[in-house]
Number of protein chains: 2
Amino acid sequence: MTTATAPLVLDDTAQDLLFRAARTANRFTDEPVTDEQVQAIYDLVQYGPTAMNAQPLRVVLLRSDAAKARLLPHLSEGNRAKTAAAPLVAVLAYDVDFHENLPTVFPHFPGARDAFADEAGRHKPARDNAHLQAGYFILGVRAAGLAAGPMGGYDATGLDAELFPDGRRRSIMVVNIGRPGPDAWFDRLPRLAYDEVVTEL
Amino acid sequence: MTTATAPLVLDDTAQDLLFRAARTANRFTDEPVTDEQVQAIYDLVQYGPTAMNAQPLRVVLLRSDAAKARLLPHLSEGNRAKTAAAPLVAVLAYDVDFHENLPTVFPHFPGARDAFADEAGRHKPARDNAHLQAGYFILGVRAAGLAAGPMGGYDATGLDAELFPDGRRRSIMVVNIGRPGPDAWFDRLPRLAYDEVVTEL
């Protein structure tokens, strides 16, 4: 079998780690998630592509009870206990002022920053690309041998007012992170069939 | 070194394949991308998590000159030649009616479909989660040993009118796919430092 016809090059162990065996966790062990692990995750996923290399994703880590106490009231009730017990919680957000970095991160287009001078036009690309990066980040958590529990069930207005009172960041997702505990997940939910998702024009 | 302190579990080869050596390609060889490869990519990335398991991403493949002739006029001029020459082009879109699948893909919440009855409320979660899945998809292309060339430089209104005249899908990105050709990419652009992206509350 040549490389050309081998469907995937990524080895089975890595496929399992990132996608097939990995699962959204709702319960974690007490084992801490270290700064070294988070740094290693970022060192890896920073290379994922974004439009104009803008990299709008920002990550706020919460570990302490004091930090979590600011987050928990804004989560939907069903998400509070598991988040309180997670060794690490990451609030993913986008930087409303991502364009200020464009002269550095996209230097061959000198007009890039000015093209985004209007804040109203920045929210959509920032939110889009931060979600793209959230996909990389979740897989990066799994690459560290950890389980992620991404959640959208929270009051974004309340959370943003508490964590980002200057309005320069907007949350897109809350992710619990740790080693999966006992009965960490539900049964795998059904996925759409290939023909429901992929078509050829 | 215990598992707990090893920063990443994913092996170096896989890290390189997905993130470190992988690059956004602008030029490809003529080698075709097979249906088997696309199927294998989907079989892998389908397991990436989405909110309420809604899986709003849809993928339209374009290979023929006739199919590309419908796409190219809507791309910004700088993106046309490379897309015309790419062995495979994938238009990534979201399904405006993703909620119709919720009784199947999220069966334990019987009211999920009705909660999204208002179309105006569906665009944001569909677009958000399709971008999350686009992150998985780009890494899946790389897992197949192929290079991806994601592009946002196109007229979405014109492209959507041409490819999705019934308005039930909305494009989010166009991705050229193939084996990288000679001089396939520019030098790596700078990434933001850890401290610019990750903070602790």
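The values are calculated or read from the model by the stated rules, or taken from the named source; none is laboratory data. Not measured: the values here are computed from a predicted model. Note that each Cβ is placed from the backbone with ideal geometry, even for glycine, and that neighbours are counted across all protein chains shown.
Which of the residues belonging to the stretch B:19-76 are of a type in the set (S, T, N, Q), within 30 Å of A:Gly152 (Cβ to Cβ) and facing chain A (nearest Cβ under 7 Å)?
Matches in the stretch B:19-76: B:Thr24, B:Gln39, B:Gln46, B:Asn53, B:Gln55.
Report, ordered by the first and then the second residue, all pairs with beta carbons closer than 7 Å, sequence separation of six or more or different chains, a first member in the stretch A:51-76 that is under 15 Å from B:Thr199 (Cα atoms), and a second member that is assigned to a helix (DSSP H, G or I) and basic (Lys, Arg).
A:Leu62/A:Lys68
Tell me which of these A:Arg113 doesn't satisfy, since it passes every other one: (1) part of a helix (DSSP H, G or I); (2) within 16 Å of A:Met151 (Cα to Cα); (3) not hydroxyl-bearing (Ser, Thr, Tyr).
So the condition that A:Arg113 fails would be (2).
Which ones in the stretch B:6-18 are modelled with pLDDT under 95 and facing chain A (nearest Cβ under 7 Å)?
B:Pro7, the sole residue that qualifies.
If you go through the stretch A:157-201 one residue at a time, how many are within 12 Å of another protein chain (Cβ to nearest Cβ), touching a residue at least 60 places away in the same chain (Cβ under 8 Å) and not in a strand (DSSP E or B)?
8
Take B:Arg80 and tell me if it is of a type outside the set (S, T, N, Q), more than 9 Å from chain A (Cβ to nearest Cβ) and more than 23 Å from B:Phe137 (Cα to Cα).
Numbers: of a type outside the set (S, T, N, Q): yes; more than 9 Å from chain A (Cβ to nearest Cβ): yes; more than 23 Å from B:Phe137 (Cα to Cα): no.
Judged against the criteria, B:Arg80 is not a match.
Would you call B:Asn129 under 18 Å from B:Asp166 (Cβ atoms), in contact with a Leu (Cβ under 8 Å, 6 or more places away or on another chain) and within 8 Å of another protein chain (Cβ to nearest Cβ)?
Details: under 18 Å from B:Asp166 (Cβ atoms): no; in contact with a Leu (Cβ under 8 Å, 6 or more places away or on another chain): yes; within 8 Å of another protein chain (Cβ to nearest Cβ): yes.
No; evaluated as a whole, the condition is false for this residue.
Of the numbered conditions (1) part of a loop (DSSP other than H, G, I, E, B); (2) surrounded by fewer than 16 Cβ atoms within 10 Å (Cβ to Cβ); (3) of a type in the set (Gly, Ala, Ser), B:Ala120 fails exactly one; give the number of that condition.
Result: B:Ala120 fails condition (1) only.
For the stretch A:102-142, what are the residues that are of a type in the set (Ser, Thr, Tyr) and under 28 Å from A:Asn176 (Cβ atoms)?
Here is the first cut: in the stretch A:102-142, the residues of a type in the set (Ser, Thr, Tyr) are A:104, A:136.
Hit for the stretch A:102-142 is A:Tyr136, nothing else.
I'd like the residue in the stretch A:142-156 that is part of a strand (DSSP E or B) and touching a Pro at 6+ places or on another chain (Cβ under 7 Å) and, out of all such residues, is nearest to the other protein chains (Cβ to nearest Cβ).
Top of the filtered list is A:Pro150.
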